[in-house]
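Asks: Right, I'll just put the structure down here and ask away after.
The values are calculated or read from the model by the stated rules, or taken from the named source; none is laboratory data. The model shown is predicted, which means the values in this text are computed figures rather than measured ones. Cβ placement follows ideal geometry from the backbone for every residue including glycine, while neighbour counts extend to all protein chains displayed.
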Amino acid sequence: MSDLAIDLPSDREITLTRSFDAPRELVFAAHTQAEHLKRWWARGNPVDVEIDFREGGSYRCVEHADDGNDYAFRGEYREIVAPERIVQTFEFEGMPGQVAVETLVFTEHEGRTTLTSTTRFDTTAQRDGMVESGMAQGAAESYAALDRHLATLR
(Lines give C-alpha, C1' and ligand atoms only; values in the text may rest on other atoms or scores of the structure.)
Protein backbone atom coordinates (compact mmCIF):
# COMPACT_ATOMS: atom_id res chain seq x y z
CA MET A 1 0.00 0.00 0.00
CA SER A 2 3.03 2.28 -0.24
CA ASP A 3 1.50 4.17 -3.19
CA LEU A 4 -1.63 5.07 -1.19
CA ALA A 5 -1.30 7.82 1.41
CA ILE A 6 -3.83 7.77 4.24
CA ASP A 7 -4.38 10.69 6.59
CA LEU A 8 -6.83 11.50 9.37
CA PRO A 9 -7.01 15.31 9.07
CA SER A 10 -9.74 15.68 11.71
CA ASP A 11 -11.64 13.49 14.15
CA ARG A 12 -14.35 12.88 11.53
CA GLU A 13 -12.37 12.62 8.27
CA ILE A 14 -10.24 10.20 6.29
CA THR A 15 -8.16 11.38 3.33
CA LEU A 16 -6.76 9.00 0.73
CA THR A 17 -4.26 10.24 -1.85
CA ARG A 18 -3.01 8.25 -4.84
CA SER A 19 -1.34 9.20 -8.14
CA PHE A 20 -2.00 7.57 -11.49
CA ASP A 21 0.02 7.63 -14.70
CA ALA A 22 -2.89 8.94 -16.76
CA PRO A 23 -4.41 12.28 -17.70
CA ARG A 24 -7.03 13.78 -15.40
CA GLU A 25 -9.87 13.44 -17.93
CA LEU A 26 -9.27 9.69 -18.10
CA VAL A 27 -9.09 9.20 -14.32
CA PHE A 28 -12.25 11.33 -13.96
CA ALA A 29 -14.06 9.23 -16.61
CA ALA A 30 -13.00 6.06 -14.78
CA HIS A 31 -14.90 7.38 -11.73
CA THR A 32 -18.01 8.53 -13.59
CA GLN A 33 -18.84 5.94 -16.26
CA ALA A 34 -20.27 2.49 -15.52
CA GLU A 35 -18.17 0.71 -18.16
CA HIS A 36 -15.02 1.88 -16.37
CA LEU A 37 -16.25 1.42 -12.80
CA LYS A 38 -17.13 -2.22 -13.56
CA ARG A 39 -13.47 -2.91 -14.30
CA TRP A 40 -11.90 -1.58 -11.10
CA TRP A 41 -14.23 -0.31 -8.39
CA ALA A 42 -14.72 -3.52 -6.40
CA ARG A 43 -11.02 -4.42 -6.18
CA GLY A 44 -11.36 -6.12 -9.54
CA ASN A 45 -14.24 -8.36 -8.37
CA PRO A 46 -17.40 -8.52 -10.50
CA VAL A 47 -19.63 -5.54 -9.79
CA ASP A 48 -23.02 -4.32 -10.96
CA VAL A 49 -23.10 -0.55 -11.48
CA GLU A 50 -26.08 1.76 -11.87
CA ILE A 51 -25.14 5.40 -12.36
CA ASP A 52 -26.95 8.65 -13.13
CA PHE A 53 -23.97 10.99 -13.21
CA ARG A 54 -25.41 14.46 -12.71
CA GLU A 55 -25.93 16.72 -9.72
CA GLY A 56 -28.88 15.22 -7.87
CA GLY A 57 -28.30 11.89 -9.62
CA SER A 58 -27.33 8.70 -7.85
CA TYR A 59 -25.22 5.60 -8.06
CA ARG A 60 -25.36 2.06 -6.72
CA CYS A 61 -22.61 -0.53 -6.90
CA VAL A 62 -22.99 -4.17 -5.86
CA GLU A 63 -19.74 -6.09 -5.44
CA HIS A 64 -19.88 -9.87 -5.89
CA ALA A 65 -17.00 -10.81 -3.59
CA ASP A 66 -14.81 -13.89 -3.53
CA ASP A 67 -16.36 -14.90 -0.19
CA GLY A 68 -19.70 -15.48 -1.96
CA ASN A 69 -21.35 -12.40 -0.46
CA ASP A 70 -22.70 -9.32 -2.21
CA TYR A 71 -21.83 -5.90 -0.81
CA ALA A 72 -23.93 -2.94 -1.96
CA PHE A 73 -23.02 0.75 -1.77
CA ARG A 74 -24.98 3.77 -2.89
CA GLY A 75 -24.91 7.52 -2.93
CA GLU A 76 -26.05 10.77 -4.48
CA TYR A 77 -24.05 13.31 -6.45
CA ARG A 78 -24.13 16.70 -4.76
CA GLU A 79 -21.59 18.64 -6.83
CA ILE A 80 -19.81 17.94 -10.11
CA VAL A 81 -17.09 20.15 -11.61
CA ALA A 82 -15.76 18.08 -14.51
CA PRO A 83 -12.96 16.97 -14.57
CA GLU A 84 -11.81 18.52 -11.29
CA ARG A 85 -14.14 17.63 -8.43
CA ILE A 86 -17.00 15.39 -7.33
CA VAL A 87 -18.89 15.66 -4.05
CA GLN A 88 -21.09 12.65 -3.32
CA THR A 89 -22.63 10.75 -0.48
CA PHE A 90 -21.51 7.21 0.32
CA GLU A 91 -23.50 4.58 2.20
CA PHE A 92 -22.82 0.89 2.72
CA GLU A 93 -26.24 -0.74 2.54
CA GLY A 94 -25.16 -3.24 5.20
CA MET A 95 -25.08 -0.33 7.67
CA PRO A 96 -28.06 1.80 6.63
CA GLY A 97 -28.28 5.36 7.84
CA GLN A 98 -24.53 5.88 8.15
CA VAL A 99 -24.07 8.25 5.24
CA ALA A 100 -20.67 9.85 4.70
CA VAL A 101 -19.82 12.69 2.33
CA GLU A 102 -16.91 12.15 -0.06
CA THR A 103 -15.06 14.87 -1.93
CA LEU A 104 -12.89 13.66 -4.82
CA VAL A 105 -10.36 16.12 -6.23
CA PHE A 106 -8.48 15.33 -9.46
CA THR A 107 -5.29 17.31 -10.16
CA GLU A 108 -2.95 16.78 -13.10
CA HIS A 109 0.74 17.53 -13.36
CA GLU A 110 2.82 16.52 -16.39
CA GLY A 111 0.38 13.85 -17.49
CA ARG A 112 -0.02 12.24 -14.04
CA THR A 113 -3.20 12.63 -12.02
CA THR A 114 -3.37 12.80 -8.25
CA LEU A 115 -6.67 11.81 -6.74
CA THR A 116 -7.40 13.13 -3.26
CA SER A 117 -10.49 11.64 -1.64
CA THR A 118 -11.70 13.10 1.65
CA THR A 119 -14.55 11.34 3.42
CA ARG A 120 -16.38 13.12 6.23
CA PHE A 121 -18.42 11.10 8.73
CA ASP A 122 -21.10 12.24 11.17
CA THR A 123 -19.16 10.99 14.18
CA THR A 124 -15.65 10.01 15.23
CA ALA A 125 -16.96 6.51 15.98
CA GLN A 126 -18.14 6.13 12.37
CA ARG A 127 -14.78 7.30 11.07
CA ASP A 128 -12.91 4.96 13.38
CA GLY A 129 -15.20 2.09 12.40
CA MET A 130 -14.36 2.68 8.75
CA VAL A 131 -10.63 2.74 9.50
CA GLU A 132 -10.95 -0.50 11.48
CA SER A 133 -13.02 -2.20 8.75
CA GLY A 134 -10.02 -2.77 6.50
CA MET A 135 -10.96 0.06 4.17
CA ALA A 136 -7.31 0.96 3.57
CA GLN A 137 -6.59 -2.49 2.13
CA GLY A 138 -9.78 -2.40 0.06
CA ALA A 139 -8.99 1.07 -1.27
CA ALA A 140 -5.43 0.05 -2.11
CA GLU A 141 -6.71 -3.02 -3.99
CA SER A 142 -9.32 -0.97 -5.88
CA TYR A 143 -6.77 1.71 -6.83
CA ALA A 144 -4.36 -1.01 -8.02
CA ALA A 145 -7.19 -2.37 -10.20
CA LEU A 146 -7.82 1.18 -11.46
CA ASP A 147 -4.14 1.51 -12.31
CA ARG A 148 -4.27 -1.74 -14.32
CA HIS A 149 -7.46 -0.57 -16.09
CA LEU A 150 -6.00 2.83 -16.96
CA ALA A 151 -2.94 1.10 -18.48
CA THR A 152 -5.24 -0.69 -20.96
CA LEU A 153 -6.66 2.68 -22.12
CA ARG A 154 -3.41 4.48 -22.91
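Asks: Go through the range 14-66 residue by residue and tally those that are closer than 25 Å to Arg154 by Cβ, touching a helix residue (DSSP H, G or I) at 6+ places or on another chain (Cβ under 8 Å) and β-branched (Val, Ile, Thr).
Replies: The qualifying residues number 4.
Asks: Given (1) surrounded by 12 or more Cβ atoms within 10 Å (Cβ to Cβ); (2) closer than 23 Å to Tyr77 by Cα, where does Thr123 come up short, assuming only one miss?
Replies: (1)
Asks: What's the number of the only condition in (1) crowded, with 19+ Cβ neighbours inside 10 Å; (2) not in a strand (DSSP E or B) that Asp67 fails to meet?
Replies: Against the list (1) crowded, with 19+ Cβ neighbours inside 10 Å; (2) not in a strand (DSSP E or B), Asp67 comes up short only on (1).
Asks: Looking at Glu102, Glu141, which is the one that is surrounded by 17 or more Cβ atoms within 10 Å (Cβ to Cβ), part of a helix (DSSP H, G or I) and under 17 Å from the mean Cα position of the chain (by Cα)? Can you show your working first?
Replies: Values: Glu102 fails: part of a helix (DSSP H, G or I).
On inspection, the qualifying residue turns out to be Glu141.
Asks: Could you list all residues from the range 70-91 that are among the small types (Gly, Ala, Ser) and either within 12 Å of the chain's Cα centre (by Cα) or not in a loop (DSSP other than H, G, I, E, B) (or both)? Walk me through it before giving the result.
Replies: In the first step, residues of the range 70-91 are kept if they are among the small types (Gly, Ala, Ser); the result is 72, 75, 82.
Listed by number, the residues that qualify are Ala72, Gly75.
Asks: Quick one: is Arg148 touching a Leu at 6+ places or on another chain (Cβ under 8 Å) and among the charged types (D, E, K, R)?
Replies: no
Asks: Another one. If the requirement is being under 19 Å from Val49 (Cα atoms), loosely packed, with under 15 Cβ neighbours inside 10 Å, more than 16 Å from the chain's Cα centre (by Cα) and not hydroxyl-bearing (Ser, Thr, Tyr), which of these qualifies: Gly94, Gly111, Gly129?
Replies: Exactly one residue qualifies, and that residue is Gly94.
Asks: Taking the conditions exactly as written (small (Gly, Ala, Ser) and either touching a Ser or Thr at 6+ places or on another chain (Cβ under 9 Å) or under 18 Å from His36 (Cβ atoms) (or both)), does Ala100 satisfy them or not?
Replies: yes
Asks: Going through Arg74, Arg60 one at a time, which residue ends up being closer than 17 Å to Met135 by Cα, of a type in the set (D, E, K, R) and surrounded by 15 or more Cβ atoms within 10 Å (Cβ to Cβ)? First the steps, then the outcome.
Replies: On the way: Arg60 fails: closer than 17 Å to Met135 by Cα.
Matching residue, one of Arg74, Arg60: Arg74.
Asks: Could I ask something else about it? Quick one: in the range 1-38, which of the residues that are in a helix (DSSP H, G or I) and among the aliphatic types (A, V, I, L, M) is surrounded by the most Cβ atoms within 10 Å (Cβ to Cβ)?
Replies: Val27
Asks: Looking for whichever is closer than 18 Å to Ser142 by Cβ and touching a residue at least 60 places away in the same chain (Cβ under 8 Å) here; the options are Leu104, Leu8. Which one fits? Write out each step before concluding.
Replies: On the way: Leu8 fails: closer than 18 Å to Ser142 by Cβ.
Residue meeting the stated conditions: Leu104.
Asks: Shifting gears a bit: May I ask you to say which residue of Glu76, Glu84, Glu102 is farther than 26 Å from Thr124 by Cα and modelled with pLDDT of 95 or more? Reasoning before the result, please.
Replies: Numbers: Glu76 fails: farther than 26 Å from Thr124 by Cα; Glu102 fails: farther than 26 Å from Thr124 by Cα.
Matching residue, one of Glu76, Glu84, Glu102: Glu84.
Asks: All but one of (1) within 16 Å of the chain's Cα centre (by Cα); (2) in a loop (DSSP other than H, G, I, E, B); (3) charged (D, E, K, R); (4) modelled with pLDDT of 95 or more hold for Glu50, so report the exception by its number.
Replies: (2)
Asks: Taking only pairs six or more apart or across chains, which ones have beta-carbon atoms under 8 Å, a first residue in the range 50-70 that is farther than 16 Å from Ala29 by Cα, and a second residue that is in a loop (DSSP other than H, G, I, E, B) and basic (Lys, Arg)?
Replies: Glu63/Arg43
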